[in-house]
Each structure stands twice: as structure tokens, then as C-alpha cells.
Amino acid sequence: MNILKYIIICVISITAIGCELNVTDTQYIDIKYYDDNNKNKKLAEDLIYYDTRYIASKVPLLNEKTGSGIQLGYFIRSSDNKPSYKITYNLKNPSVASNIEALKKQFNDFIPSFSSFHASKEPIFKQLQPLGSLWASQLFTDDAGSLLNESSTILKNSVTPKQFLEITSELQKTYGKPVSMKYVRSQYYEKFSDVPESVSLFYIASFSNQNKLMIRISMLEQDKDWVLMGLQYQKTNA
């Protein structure tokens, strides 16, 4: 091959690769609500697990057009061990590219207030942790049926006693009784879309057969009492 032609091909290839790689933009927003940096790191981690639909209700430009081009996460700087909320924008998405500055502003305005909001709910989280743990454990006992009797109107209207019993019976048959129930995190949701104001608490249930489940217990306040609104579970390696 002609050496000049070879060099030109190489230059074109390198340029193309460089352009291909340069398609993202990353925004970092410091999380510094607490004086204790370890608490700020836990806060940053907790924030990224919120339902994306809730975040979208607060950040209008995070929508169906831009959503596929935005990735949420958190980052710990090696230089000072400080946490940041991390937003990665894929500029291949035309809606992201054309709204990048407005998106950054909306996230920059929202995340600090979101941090404060979540941290302010810590007393409620602590208050509800034992109740959530009790309900999560009760799913694996013969008394599981009573959970539905004392649950919210929303849950009673979405599942029949027979369906609920089938769910809990299958859980008990597959996993047995948990040997431990570890609290992981909480989330407080203001009303958005069709979801009422509510709290979600997450637990890891460990079993003697080495299986683990991440269990989400969602509850709302009804007639001045906190009642079960819903539950989700999935296998985890955490």
C-alpha cells in the first residue's frame, strides 16, 4: 500500500473515532447538605434510586424525548472524597443536544432542593422503619393475610384477598422465612402523576438457602395512620 495513502486512512480513522467518542456531556452537582461527609455520600446514593418518573415531574425537560439520552448517577471525587449527583447527557439524542443548557439549569435548580427535601424527611423514615420491617417480615408468615385487611383502600382495590394470599404463599414456598431483614433506604414522594403522597422503604431479606430479596414497602397516611399502599420484591445479590 502507498505509504501516503496509509497515513491518510489512519488519520481519517482516528478522527472518526474521536468524533464518535465525543458524544456525551457530564454535569456534577455537589451534595453538601450535612457537615458529615459520610452522610452526604449516603444522601447522594439514596437520591439516585428515586423513581425517574418523580424526578421528571420536577425536571420538566426530562421527558419521553430526552429520557433515553439522560443517565442519572452519583460520583465520589478521588481528590477530596466529596459526593456529587451525576447527570450524563447523550448528545446523540437530538432533544438532549438542543436543550442541553436548559436541562443543566433545571437539574442545577432541582437537585439542591431535592437533597434538602429528602434529608428533612429523615425523622419520618426513622419512625416508619420498624413498621416497614414488620410488614416485610409478615409476608413470610401465616399471618400475611391480615396485612391486606389493614392496608390502604388503594391496595384493597387493586388486589383481591385470594390474589394476595397466592402471592404471599408463593413467597413462603420459594424462600421460606427470612433469617434477617436489613433496612437499606427510604424515599418520600410528593403526589405526582397517579401516585399519592407516600413513603417507600427498602429492605434486604436474607434466607437460609442463600437467596436474597430486595423488598419495597410503600405506605401512605390514611385517617392519620400509616397503612400499606403496595409492595414489590426482586432477587438481589446485594
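The values are calculated or read from the model by the stated rules, or taken from the named source; none is laboratory data. Values in this document were obtained by computation on a predicted structure and should not be read as measured data. Don't worry about glycine lacking a Cβ; one is built from the backbone with ideal geometry, like all the others, and counts go over all protein chains shown.
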> Looking at (1) among the charged types (D, E, K, R); (2) buried (at least 16 other Cβ atoms within 10 Å of the Cβ); (3) farther than 22 Å from residue 127 by Cβ, which is the only condition residue 216 fails?
Replying inline: (3)
>> Go through (1) within 21 Å of the chain's Cα centre (by Cα); (2) modelled with pLDDT under 95 for residue 15 and report which single condition fails.
In response: (1)
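Scanning for something among the charged types (D, E, K, R) and within 18 Å of the chain's Cα centre (by Cα), does the stretch 55-62 turn up at least one residue? Walk me through it before giving the result.
From the stretch 55-62, those among the charged types (D, E, K, R) are 58; that's our starting set.
Narrowing the set further to residues that are within 18 Å of the chain's Cα centre (by Cα) leaves 58.
Yes; the residues of the stretch 55-62 include at least one that is among the charged types (D, E, K, R) and within 18 Å of the chain's Cα centre (by Cα).
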> of a type outside the set (S, T, N, Q) and buried (at least 19 other Cβ atoms within 10 Å of the Cβ): does that describe residue 130?
Replying inline: no
> Taking the stretch 126-182 on its own, how many of its residues are more than 25 Å from the chain's Cα centre (by Cα), among the aliphatic types (A, V, I, L, M) and closer than 13 Å to residue 213 by Cβ?
Replying inline: 1
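For the structure I just gave you, tell me whether residue 187 is of a type in the set (S, T, N, Q) and farther than 26 Å from residue 125 by Cβ.
Numbers: of a type in the set (S, T, N, Q): yes; farther than 26 Å from residue 125 by Cβ: no.
No.
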> Which of the residues belonging to the stretch 175-205 are small (Gly, Ala, Ser), within 16 Å of residue 134 (Cα to Cα) and surrounded by 18 or more Cβ atoms within 10 Å (Cβ to Cβ)?
Replying inline: 186, 200, 205
>> Just to verify a result, which residue in the stretch 41-52, among those that are under 10 Å from the mean Cα position of the chain (by Cα) and part of a helix (DSSP H, G or I), is farthest from residue 85 (Cα to Cα)?
In response: 52
>> Suppose we keep only residues that are surrounded by 19 or more Cβ atoms within 10 Å (Cβ to Cβ), part of a strand (DSSP E or B) and touching a residue at least 60 places away in the same chain (Cβ under 8 Å) within the stretch 85-119. Which one would you say is nearest to the chain's Cα centre (by Cα)?
In response: 87
>> Show the residue pairs meeting these rules: Cβ distance below 6 Å; 6+ apart or different chains; first residue within the stretch 165-183 and under 15 Å from residue 216 (Cβ atoms); second residue in a helix (DSSP H, G or I) and among the small types (Gly, Ala, Ser).
In response: 181/133; 181/136; 181/137
